[in-house]
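Peer 1: One structure, as C-alpha cells, below. Some questions next.
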Amino acid sequence: MSIWFSHHWHALVSALRKLTDAPITSLLNIVVIGVAFSLPTGAYILLENLQVFSGQVSGAPQLNLFLALDTDKNKIAELESRLTQHPQIASFQFIPKNVALQQLKKRDGLADIIDDLAQNPLPDAFIINVKDAAPESLESLHTEIQKWPEAGYVQFNSAWTRRLDALLKLGKLAALTLAFLLGFALVAITFNTVRLQILTRRDEIEISKLIGATNDFVRRPFLYFGTIQAAIGGITAWLITAFILHLISNELTSLAKLYTVDLRLHHLSSEDSAILLLSSACLGWFGAWLSVANCLWKTESRWFKDTKYTH
Amino acid sequence: MISFSGVYKRYLSGFEALKNINFTIEPAEMVFITGHSGAGKSTLLKLIAAIERPTTGSIVINGQNLAALNSNEISFLRRNLGLVFQDQKILFDRTVFDNVLLPLQINGFDFKTATERVYAALDKVGLLKNAKSRPITLSGSERQRLCVARAVVGRPSILIADEPTANLDTDYANDIINIFKSLHQVGITVLIATHNTGLLGNAQQRILALSHGELTL
Ligand SMILES: Nc1ncnc2c1ncn2[C@@H]1O[C@H](COP(=O)(O)OP(=O)(O)O)[C@@H](O)[C@H]1O
Ligand SMILES: [Mg+2]
C-alpha cells in the first residue's frame, strides 16, 4: 500500500515537474485545449439556454381540433365523451362557432367585416390540453385525432416551439460532433507533447529501466502529465465560456426586460461541468497512453527486442 | 548464485562475442572478469543483467532462469542487482543526491527512509559534501564513486561493475576497489570487469579470464 502510494506520489511530482519545466509549452498547450473545447461547450450552453427559454414562453402544449362544418349536436356529444375517456387528454374546452365569432368580433377593426358576413364561416372547435407534452406522444395524438370523421383540421398551437425544439436537437448534435472532433485534437496534442518528452528523456527512461523500473513505473508520470494538462485545459474551457457568458449576459438581461421576459443565461450545470472535466482528463490520459505505448518501445533494451532472432 | 551453462552470444552483426561460457559464482564471492578490450567482458555482464539475451545456453541467477522471465520479473530481478555501467549513465539534469535516489524511487521507498539511505551511500563513497551538486561539477573519480553509490544504495545482493576504475589514477582506483571489498565483506556478491590487470596485483580473489569470447581460466 505504501509502496503503491509512494510510486503514485513520485509519478504525480514528476508529472507536475514536467508541466513546470517547460512552462511556455505547457501554457500554450493548455490554452489551445481550452480554446478548442470552449467552442462546443459554448454552443452547448447557448442551446441549453434556448431550450429552457422556449419551454418558458410556450407553456403547456395544446391541440386545437376544428370540427367539420357539417358536424351536428349528437356527434359533438359523442366526441365529448370520447375525449373525456381518452387516456392522453388531460382536459378540453368546447368552443361553439358562434362564441368563436363573438370573440373575433371584439378584435379591433373586425366587427364591421364580420357583421357583413351572410353566415358564420367558423367551425366548432375543441381546445385540448394533453397530459404528456413529449413531441412523440403529441405527434401520435395528432395523427389519431386527424383520422376521426368529425375532425376537419387539427392544429398544434405550439408548432413553432416544436420546430425550435427539433432545431435545438440538431444544434446539440452538431455541438456534440464538434466536441468529438476536437476530442481527437486533444488526443493528438497530448500524444505529441508526450512523445517529445519521451524523446528528450530517453536517458532517464533507459537508465530507470536498466536499474529495475517496470514499464508501469516509466509510464505513470507521462499518464499523469497528459491527464493533468488536459484537465487544466478543460477547466480553461469552462472559464473561457464563463467569461463570455458573463459579457453577453448583462446585455441580454436588459434587452429581455424590454420584452418582459425573464431571460437569464445559465452556465453548465455542475453535472455537465463534471462531464467536461472528466472527458478532457480521460482524453488526455488516452493521448498520453497512446504515446507511451508507441514510444516506450524505442527505449527498451535489446533483451526484449531481440527475441525473434534468438529462438 | 550466478550460473552460465553453454552460453553463446552472437550479435545481430554476426559477431560472436561469447563462445561456450560455463561457470558458477557462489553467493558472497568476489570475482574479477579480465581480458583485453573486446574480449567480451561487457557482453557477459549485460547477459547477467538481462540487457542482452544469449543466443544459446542458459543463465540462472538466484535460482531464476532468465529465459523464463517476463518483463516485470526482469525488472524485479534488476532491482536485486547493483549495476555500475562502463559508460556511467549519470543523469546530468539532476543533483548527485537525485541520481542516487532514483533506484529507491523505483523500489517505492518513502522519502524519509530513502533520504537516509542516499546519505549513507554517499557517505560510504565520500561524496556527502557533493550531495546537492550537479554531476557536471564532479571530477572523474567522483563521478565513478557516484555510480558506485547509485549501485549500492538499493542494497543489492549482487554488485556488477563494468570497468569501474577505467579512467582513474591508481590511488583512486584502489579507493574504489576497497569500497567493493568492504561490500563483499558484508556478504554481497561482487563482479568486477576490468582490463587493468594491475588492479589484481596481490588480490586473493577469483578471476574469470576472457580472451576472444572464450574463458581461458
Ligand atoms: N551491440 C553490438 N553489436 C555488435 N557487436 C558488438 C556489440 N556490442 C559489442 N560488440 C562486439 O563484441 C565484442 C565484445 O565486446 P565487449 O563485450 O564490449 O568487450 P569488452 O567489454 O571486453 O571490451 C567486441 O568486439 C564488440 O565490438
Ligand atoms: Mg567493456
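The values are calculated or read from the model by the stated rules, or taken from the named source; none is laboratory data. Only a predicted model underlies this, so the values are computations on that prediction, with no experimental measurement involved. Every residue, glycine among them, receives a Cβ derived from its backbone with ideal geometry; neighbour counts consider all protein chains shown. For accessibility, only protein heavy atoms count, side chains too; no ligands or nucleic acids. Shrake-Rupley method; radii C 1.70, N 1.55, O 1.52, S 1.80 Å.
Peer 1: A:Glu80 label point, 7 Å along Cα→Cβ, cut-off 15 Å on backbone N: hits in region A:119-148?
Peer 2: Flagged as within label range: A:124-127.
Peer 1: At a Förster radius of 22 Å, what calculated FRET efficiency corresponds to the Cβ-Cβ distance of A:Ile113 and A:Gln93, to the nearest 0.05?
Peer 2: For R0 = 22 Å, the calculated efficiency reads 0.25.
Peer 1: Here's another thing I want to ask about it. May I ask you to work out the translational diffusion coefficient for region A:88-227 at 37 °C, viscosity 0.692 mPa s, via Stokes-Einstein with Rh from the Kirkwood sum over Cα pairs, reported in whole µm²/s?
Peer 2: D, rounded to a whole number, is 147 µm²/s.
Peer 1: Which of the peptides A:223-229, B:62-68, B:38-44, A:4-10 is most tightly packed, and how do the rest follow, judged by the mean count of other Cβ atoms within 10 Å per residue? Write down the numbers at each step before the final one.
Peer 2: Numbers: A:223-229: 24.6, B:62-68: 12.6, B:38-44: 22.9, A:4-10: 15.3.
Result, highest mean first: A:223-229, B:38-44, A:4-10, B:62-68.
Peer 1: Kirkwood hydrodynamic radius (Cα pairs, Å) of region B:1-123?
Peer 2: Kirkwood hydrodynamic radius for region B:1-123: 16.5 Å.
Peer 1: Please list, in order along region A:227-242, the HN-Hα scalar couplings obtained from phi with the Karplus expression 6.51 cos²θ - 1.76 cosθ + 1.60 (θ = phi - 60°), rounded to whole Hz, x for Gly and Pro.
Peer 2: Once θ is set to phi - 60°, the couplings for region A:227-242 become 5, 5, 4, 5, 5, 5, x, x, 4, 4, 4, 4, 5, 4, 5, 4 Hz.
Peer 1: Next question, about the same structure. Please compute the modelled spin-label separation between B:Asn72 and A:Leu278, points set 7 Å along Cα→Cβ, answer in nm with one decimal.
Peer 2: Each label point lies 7 Å from its Cα, and together they span 2.8 nm.
Peer 1: Lys and Arg at +1, Asp and Glu at -1: add these up for the other residues within a Cβ distance under 12 Å of A:Arg82 and post the number.
Peer 2: -3
Peer 1: Give the calculated FRET efficiency between A:Ile3 and B:Lys129 to the nearest 0.05, with a Förster radius of 22 Å applied to their Cβ-Cβ distance. Present the calculation step by step, with values, prior to reporting the outcome.
Peer 2: Numbers: r = 31 Å, r/R0 = 1.42.
Calculated value: 0.10.
Peer 1: With every protein chain left in place, what is the accessible area per residue of region B:103-199 in square angstrom, probe 1.4 Å? Can you show the working numbers first?
Peer 2: Working: 4220 Å² over 97 residues.
Result: 44 Å² of accessible area for each residue.
Peer 1: Same structure, new question: Beyond a 18 Å Cα-Cα separation, which of these cross-linked pairs lie in this structure: B:Lys124/B:Lys181; A:Lys209/B:Lys129; A:Lys209/B:Lys124; A:Lys75/A:Lys97; B:Lys46/B:Lys124?
Peer 2: Table pairs above 18 Å Cα-Cα are A:Lys209/B:Lys129; A:Lys209/B:Lys124; B:Lys46/B:Lys124.
Peer 1: Under unit Cβ charges (Lys, Arg +1; Asp, Glu -1), what dipole magnitude, rounded to 20 debye, does chain B have relative to its Cα centre?
Peer 2: For chain B, the charge dipole is close to 340 debye.
Peer 1: Roughly how many percent of the accessible protein surface of region A:1-92 is carbon and sulfur, given a 1.4 Å probe and a whole-percent answer? Provide the component values of the computation, followed by the final result.
Peer 2: Details: 3570 of 5290 Å².
The nonpolar share, carbon plus sulfur, comes to 67 percent.
Peer 1: I would also like to ask the following. Under the definition of partner shielding as Cβ atoms of other protein chains within 10 Å of a residue Cβ, what is the mean value for peptide B:45-56?
Peer 2: Other-chain Cβ atoms within 10 Å of each residue's Cβ, averaged: 3.
Peer 1: Can you give the FRET efficiency for A:Glu206 and A:Ser254, using 1/(1 + (r/R0)^6), R0 = 45 Å, r = Cβ-Cβ distance, to the nearest 0.05? List each step's numbers first, then the result.
Peer 2: On the way: r = 63 Å, r/R0 = 1.41.
So the FRET efficiency works out to roughly 0.10.
Peer 1: To continue, here is another question. Taking beta carbons within 10 Å but only from partner chains, what does the mean come to for residues A:212-221?
Peer 2: Working: counts 16, 8, 9, 3, 3, 5, 2, 0, 0, 0.
That average works out to 5.
Peer 1: Oh, and also: How many nm is it between the label spots at A:Ser269 and B:Phe15, if each spot is 7 Å from the Cα in line with the beta carbon?
Peer 2: The modelled label-to-label distance comes out at 6.9 nm.
Peer 1: Let me ask something else about it. Hey, what angle do you get for helix A:73-85 against the long axis of chain A, alpha-carbon based, 0 to 90 degrees rounded to 10?
Peer 2: Tilt relative to chain A: about 30 degrees.
Peer 1: In sequence order, what are the phi-derived ³J(HN,Hα) couplings for region A:37-52 according to the Karplus relation 6.51 cos²θ - 1.76 cosθ + 1.60 with θ = phi - 60°, rounded to whole Hz, with x for glycine and proline?
Peer 2: After applying 6.51 cos²θ - 1.76 cosθ + 1.60, I find 6, 6, 4, x, 5, x, 4, 4, 4, 4, 5, 4, 5, 4, 5, 4 Hz.
Peer 1: May I pose another question? Helix-only estimate, please: 222 nm mean residue ellipticity of the protein assembly as shown, summing -39500 (n - 2.57) across DSSP H runs of length 4 or more and dividing by its residues, to the nearest 500.
Peer 2: Helices in the protein assembly as shown give a 222 nm mean residue ellipticity of -19000 deg cm²/dmol.
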